[in-house]
Amino acid sequence: MSLEFTDATINDADALLSLIHQLEHFIPKDTLLNNLKRNTEDKNYRIFVAKLNNQVIAFAELCFTQFIHEPNPRARLTSFCVDEAFRNKKTGAAFLAFIEGFCRSQNYLRIELTSKIHRIDAHRFYENNGYSYASKRFYKEL
């Protein structure tokens, strides 16, 4: 049994919705479908899934941008979730390695991400995989 990493498709919507709910984003399926369609048409966006025996067990959503103060474009891992049943089994580390390899191959030499403050296990996971805490993120609902 080996993991397969592929682009997400509309056929993955139910599994994606379940994983998004595990991240505590309780959106309806029609919102997911609309966003998935719109985002996958954007050249600065990719969403990958990890499959085991043709079952989606994780997803990663990436956005790409060029900041004026950096020489290379940057990747932002905007969502990343491994199904609860597959955590602590090296699935996440393998998926991150795939994402990092993809980013390097596209000349994205920096990956940034955010993680909710209360997700201590996720923070430890990212730190164990070479990510460091470098800034605070602020936002304001308008």
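The values are calculated or read from the model by the stated rules, or taken from the named source; none is laboratory data. Keep in mind that what you see is a predicted model, and the values were worked out from it rather than measured. When we count neighbours, we look across all protein chains shown, and the Cβ atoms used for this are built from the backbone with ideal geometry, even at glycine.
Filtered by the rule that a residue be assigned to a strand (DSSP E or B) and either modelled with pLDDT of 95 or more or of a type in the set (Gly, Ala, Ser) (or both), the range 103-115 gives a lone residue, ILE111. Under the condition of being touching a residue at least 12 places away in the same chain (Cβ under 8 Å), over 17 Å from SER18 (Cβ atoms) and of a type outside the set (A, V, I, L, M), the residues counted in the range 74-101 number 4. If only residues of the range 49-67 that are surrounded by 20 or more Cβ atoms within 10 Å (Cβ to Cβ) and out of contact with any Lys or Arg (no Cβ under 8 Å at 6 or more places or on another chain) are counted, the one that is farthest from LEU3 (Cα to Cα) is ALA60.
Collect the residues in the range 34-53 that are of a type outside the set (Lys, Arg) and without any contact (Cβ under 8 Å) to a residue 40 or more places away in the chain, keeping them in residue-number order.
Scanning the range 34-53 gives ASN34, ASN35, LEU36, ASN39, THR40, GLU41, ASP42, ASN44, TYR45.
Residue-wise test of (1) more than 26 Å from ALA93 (Cβ to Cβ); (2) modelled with pLDDT of 95 or more; (3) among the charged types (D, E, K, R).
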| site | (1), (2), (3) |
| --- | --- |
| LEU17 | no, yes, no |
| ASN34 | yes, yes, no |
| GLU41 | yes, no, yes |
| ASN53 | no, no, no |
| ILE57 | no, yes, no |
| ALA60 | no, yes, no |
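Beta carbons closer than 8 Å, at least 6 apart along the sequence or on distinct chains, pair a first residue in the range 115-126 that is within 16 Å of ARG137 (Cα to Cα) with a second that is surrounded by fewer than 10 Cβ atoms within 10 Å (Cβ to Cβ) and among the aromatic types (Phe, Trp, Tyr) for HIS123/TYR133. Taking the criterion of being buried (at least 17 other Cβ atoms within 10 Å of the Cβ) and either in contact with a Cys (Cβ under 9 Å, 6 or more places away or on another chain) or of a type in the set (Val, Ile, Thr) (or both), the residues of the range 17-44 that qualify are LEU19, ILE20. When we screen LEU32, LEU3, LEU16 for residues that are more than 13 Å from the chain's Cα centre (by Cα) and more than 20 Å from TYR126 (Cβ to Cβ), the only hit is LEU32.
ASN88 fulfils the conditions (1) crowded, with 16+ Cβ neighbours inside 10 Å; (2) at pLDDT below 95 except for a single criterion, (1).
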